[in-house]
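All remarks here apply to the structure that follows.
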Amino acid sequence: MKLENFFHKIYKKLKNLNIKKIILVSGISLVSLIIILCMVGYFIIHNYISKMNLINPKEEEMMEYEIEDDLEDEFDFYDEELDYDNYGGQSQEDRYMSFSKSLSISEDENDNQITSSLDMDKIDENLLKEQGYDEIYEYEEAIRKNIEDESIPIMEDKNVFNILLIGRDARSSQERGRSDTMILVSINKKNKTITATSLLRDIYLEIPGKKNNRLNSAYSSGGAKLLMETIKQNFKIQIDKYISVDFFAFIDIVDAVGGISIDISEDEVEYANESIREVNYLLGEDLNQDIIREPGLQMMNGKQVLGFARIRSIGTDFGRTARQREVLELIFNKIKNSSIIDLHHMLNKILPQVTTNLTEGEIFEQILKLPSYSKYQLQQWSIPIKGSYKNMRIRKMAVLGIDFNKNIEEIYNRIYLTD
C-alpha cells in the first residue's frame, strides 16, 4: 500500500510538471507567434510607408518661404465654353493654344472693365477712399485686425488631430502649382467625429510674408508649410500635418480603386468634359478620349472623376467643394470595403504619389487606429459659412471677402466643441 502511494505521488508530480511544461511551452510559443506577426506586420507596413514621399519635419522647419511673383488672376481652363469644332485643319496643339488664347484675352478685357489698371499697392489710404474703394479698404483692415488680434487663441487640443489634404493643380512633376483643393480632416477622439472642412480657394486673406491674396496662392508661393501657416494665422487653428497629391496622382488613385459611381447631370457633363480635354492635352492623348457621353449614374475612371471634381461653373466654388467631398467619401468607402489583395495593389500604385510630413511613427499610429475610426461619425461642411461672405473684386481678382469671426467661431463649434 505504501509503495502504491509512493508511485501515485510520483505520478502526480510528473503530471503537474508536464502540465506546467505544456503551459510554459504554449505560452512561449504564443508570445513568439505574436512577436513574429508584429514583426511581419511592421515590415509590411514599413514597406508601404517607404513608398511615400515623406518630408522630414526638421528640414521643413528650416525652410524659408519661397516668394514667387503674383499672378493677378489665374486662368481656369474650364471656366468658359470651348468650341472644339471651329479649328479644322489645325493640329491638336494649335487648336488648344487658339482657344486658350481667346479665353485669356476675353478674361483680361472683362477684368479691365471692372478695375482698369489700378495697382492697389501703390495707392495710399486717402486716395483709396476718395476713389470709392471704401469697401475694399475696410476689408483689408478687417484682415489686418484679425491677424493681429491676440485675444483669439490658436485652437488646438490633444484629442483633435488636424490633417490638411491638398490637391495640387500642377500640370507636371516639375511644377508646384496652386492648391486647387484644400480639405481639413479633423479627427476628434473625444467626440468620436471626423470632420471634413473644405476651404474655398478664393477666400481673400493675408499670406504671411507677402501681400494679401487668394488662399490657394499660398501653396504656389511657399508650399504646404506656407499654406498651413496661412490657415493657422487667419482662422486661428493649429494644423498638425498635411497630405498632398497632384492631378495625375488623383487620377491614378481613382483608377487604383477601380473607379467610382457618380450621378452626373447634363450640365455637369459639359463642364467635366472641358477638364478631361485639358488633361488629355497635357498627356498628349486625343482630346476626346474618356469624355463623358451622357448624364446619369455611371462608373467613372480617374480622368472623368477629376473632371467632375473640378467643375466650378455650376454652383460656384461651393458646389465644387461639395463634389470633392463626395468623391473623397466614395473613394474612402471603396478602399474600406476592398479585399487584402486589392488593397495591396491599390497601395502600391497610390502611395508613391503621396507627399506628406507625417512621420513613419505617426503613420503607424494612425493605421492602428483605423478600426476605431471606422466607427466615428463623419461630418462635412465648408468655409465660408452661409451669410458670412460677399463676392468682391480686388486687384483684378474675383475673390470672397469673409467675416473671420463668424467662421472662426463655427470652426470651434464643429471641430472642438464637446456635446
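Considering only residues in segment 280-311 that are more than 21 Å from Ile183 (Cβ to Cβ) and polar (S, T, N, Q), the one that is surrounded by the most Cβ atoms within 10 Å (Cβ to Cβ) turns out to be Asn280.
Before we move on, is Ile314 crowded, with 17+ Cβ neighbours inside 10 Å and either touching a residue at least 24 places away in the same chain (Cβ under 8 Å) or outside any helix (DSSP H, G or I) (or both)?
Numbers: crowded, with 17+ Cβ neighbours inside 10 Å: no; either touching a residue at least 24 places away in the same chain (Cβ under 8 Å) or outside any helix (DSSP H, G or I) (or both): yes.
No.
Filter segment 154-175 down to the residues that are surrounded by 18 or more Cβ atoms within 10 Å (Cβ to Cβ) and either outside the structural domain of Leu370 (by TED's automatic domain parsing) or at pLDDT below 75 (or both), then identify the one that is nearest to Asn213 (Cα to Cα). Among residues in segment 154-175 that are surrounded by 18 or more Cβ atoms within 10 Å (Cβ to Cβ) and either outside the structural domain of Leu370 (by TED's automatic domain parsing) or at pLDDT below 75 (or both), the one nearest to Asn213 (Cα to Cα) is Asp169. One residue stands out among those in segment 177-215 that are charged (D, E, K, R) and in a strand (DSSP E or B): the one that is farthest from Phe332 (Cα to Cα), which is Arg214. Ser275 meets all of the listed conditions (1) assigned by TED's automatic domain parsing to the domain that holds Glu360; (2) crowded, with 21+ Cβ neighbours inside 10 Å; (3) assigned to a helix (DSSP H, G or I); (4) touching a Leu at 6+ places or on another chain (Cβ under 8 Å) but one, namely (1). Can you spot a residue in segment 317-335 that is in contact with an Asp or Glu (Cβ under 6 Å, 6 or more places away or on another chain) and of a type in the set (A, V, I, L, M)? No, the conditions are met nowhere in segment 317-335. Against the test of being surrounded by 15 or more Cβ atoms within 10 Å (Cβ to Cβ) and assigned to a helix (DSSP H, G or I), the options Lys349, Lys369 yield a single qualifying residue, Lys349.
Specify the residue that is modelled with the lowest pLDDT; the eligible residues are those in segment 228-254 that are among the charged types (D, E, K, R) and closer than 25 Å to Gln353 by Cα.
To start, the set of residues in segment 228-254 that are among the charged types (D, E, K, R) comprises 229, 232, 236, 240-241, 246, 252.
If we keep only those that are closer than 25 Å to Gln353 by Cα too, we end up with 229, 240-241, 246, 252.
Values: Glu229: 96, Asp240: 95, Lys241: 94, Asp246: 83, Asp252: 87.
The extreme case among them is Asp246.
Which one of Lys334, Lys396, Lys386, Lys375 is under 19 Å from the mean Cα position of the chain (by Cα) and either of a type in the set (D, E, K, R) or buried (at least 18 other Cβ atoms within 10 Å of the Cβ) (or both)?
Values: Lys396 fails: under 19 Å from the mean Cα position of the chain (by Cα); Lys386 fails: under 19 Å from the mean Cα position of the chain (by Cα); Lys375 fails: under 19 Å from the mean Cα position of the chain (by Cα).
Among Lys334, Lys396, Lys386, Lys375, only Lys334 is under 19 Å from the mean Cα position of the chain (by Cα) and either of a type in the set (D, E, K, R) or buried (at least 18 other Cβ atoms within 10 Å of the Cβ) (or both).
Whenever a residue of segment 185-212 is in the same structural domain as Met397 (by TED's automatic domain parsing) and without any contact (Cβ under 8 Å) to a residue 60 or more places away in the chain, its partners that are in a strand (DSSP E or B) and surrounded by 18 or more Cβ atoms within 10 Å (Cβ to Cβ), lying with C-beta atoms within less than 7 angstrom and at least six residues away or across chains, give the pairs Val185/Ile163; Val185/Leu165; Val185/Ile194; Val185/Ala196; Ile207/Asn213.
Residue count for segment 227-250 under the criterion of being in contact with a Pro (Cβ under 9 Å, 6 or more places away or on another chain) and in a loop (DSSP other than H, G, I, E, B): the result is 1. Can you confirm whether Glu285 is over 30 Å from Gly401 (Cα atoms) and free of Cβ contacts under 8 Å to residues at least 60 places away in the same chain? Yes, satisfied. Residues in segment 201-213 that are surrounded by fewer than 23 Cβ atoms within 10 Å (Cβ to Cβ) and of a type in the set (D, E, K, R) were compared, and the one that is farthest from Gln233 (Cα to Cα) is Asp202. Considered as a group, the residues in segment 176-191 that are closer than 22 Å to Arg312 by Cβ and of a type in the set (D, E, K, R) include one that is modelled with the lowest pLDDT, and that residue is Arg176.
Counting only residues that are crowded, with 20+ Cβ neighbours inside 10 Å, farther than 24 Å from Ile415 by Cα, more than 13 Å from the chain's Cα centre (by Cα) and of a type outside the set (Gly, Ala, Ser), segment 215-252 holds 2 of them.
The values are calculated or read from the model by the stated rules, or taken from the named source; none is laboratory data. Here the structure is a predicted model, which is why all the values come from computation and not from measurement. All Cβ positions, glycine included, derive from the backbone under ideal geometry; neighbour counts span all protein chains shown.
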